[in-house]
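Colleague: Input: one structure, supplied below.
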Amino acid sequence: FLLKQNKIIELLKTHTSTAERLAFYPKLKEIIYSLNIKSILDLASGLNPLVLASPNIEYYAFDIKESEIFLINKFFKKNKIKGKAIIKDIRKLKDFPKVELCILFKILDILENSYELAKKFLEKINCKYFLISFSTITLSGKKMNSPRRFWLEKILNQMNYSFKTFSSKNEIFYLVEKL
């Protein structure tokens, strides 16, 4: 209903992570578009594609929520966006489409609490860049004392990937480039 009425902001507010990222999406779009990429893989996408997708970029969105995938596919069709949204549990995926950018917002912490599994997951994805985020707020709503994920930085250094970090009000982001 909200999509039909083109009330994208109201629609984004219905999803927790998307709603809290709302004010920061323009900065994320600026960063993503500055990479001059032609394809994106968004894992555990939520409603990110409603903001980040563009007709100039092929966009693959994977999530386990059927209603969100249905909505994203409608949005893609309505806005002539190449790509598709697919219902998938990313923990069970063996193959991923080859893309230039892979988005992993707030999922590596919950995907598996294992250094080796996270490393294998990053190795499986065939892309030039990763845009990875983590919450900087605890479940009780307090700011984390140390929001950086040094375990991820160790993995990225071992894999010889360069990265830089930046933050929003509630998230820390890692922009990673495979060298």
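The values are calculated or read from the model by the stated rules, or taken from the named source; none is laboratory data. Just so you know, these numbers come straight off a predicted model, no measurement behind them. Reconstructed Cβ throughout: ideal geometry from the backbone, glycine too, with neighbour counts over all protein chains shown. Surface areas here come from the heavy atoms of the whole protein model, side chains and all, with no ligands, DNA or RNA. Shrake-Rupley method; radii C 1.70, N 1.55, O 1.52, S 1.80 Å.
Colleague: Taking the range 170-179, which residues are open to solvent by less than 30 Å² (accessible area, probe 1.4 Å) and not in a loop (DSSP other than H, G, I, E, B)?
Modeller: Step one: filter the range 170-179 for residues open to solvent by less than 30 Å² (accessible area, probe 1.4 Å), giving 170-176.
Residues satisfying the conditions are GLU171, ILE172, PHE173, TYR174, LEU175, VAL176.
Colleague: Only one of these conditions is not met by ASP95: (1) surrounded by fewer than 13 Cβ atoms within 10 Å (Cβ to Cβ); (2) at pLDDT 95 or above; (3) not aliphatic (A, V, I, L, M). Which number is it?
Modeller: (2)
Colleague: Checking the conditions here, which among SER133, SER167, SER162, SER146 is among the small types (Gly, Ala, Ser) and open to solvent by less than 20 Å² (accessible area, probe 1.4 Å)?
Modeller: Values: SER167 fails: open to solvent by less than 20 Å² (accessible area, probe 1.4 Å); SER162 fails: open to solvent by less than 20 Å² (accessible area, probe 1.4 Å); SER146 fails: open to solvent by less than 20 Å² (accessible area, probe 1.4 Å).
Residue meeting the stated conditions: SER133.
Colleague: Based on what the data block shows, is ILE57 β-branched (Val, Ile, Thr) and touching a residue at least 60 places away in the same chain (Cβ under 8 Å)?
Modeller: Values: β-branched (Val, Ile, Thr): yes; touching a residue at least 60 places away in the same chain (Cβ under 8 Å): no.
No.
Colleague: When the residues of the range 110-120 are filtered to those that are open to solvent by 10 Å² or more (accessible area, probe 1.4 Å) and within 21 Å of ILE40 (Cα to Cα), which remaining residue is modelled with the lowest pLDDT?
Modeller: To start, the set of residues in the range 110-120 that are open to solvent by 10 Å² or more (accessible area, probe 1.4 Å) comprises 110-117, 119-120.
Filter again for within 21 Å of ILE40 (Cα to Cα), leaving 111, 119-120.
Numbers: LEU111: 64, LYS119: 87, LYS120: 83.
This residue is LEU111.
Colleague: Continuing with the same structure: Within the range 1-42, track down each residue that is of a type in the set (S, T, N, Q), modelled with pLDDT of 95 or more and part of a helix (DSSP H, G or I).
Modeller: Residues of the range 1-42 that are of a type in the set (S, T, N, Q), as a first pass: 5-6, 14, 16-18, 34, 36, 39.
Remaining after also requiring modelled with pLDDT of 95 or more: 34, 36, 39.
If the condition is that a residue be of a type in the set (S, T, N, Q), modelled with pLDDT of 95 or more and part of a helix (DSSP H, G or I), then SER34 is the only one that fits.
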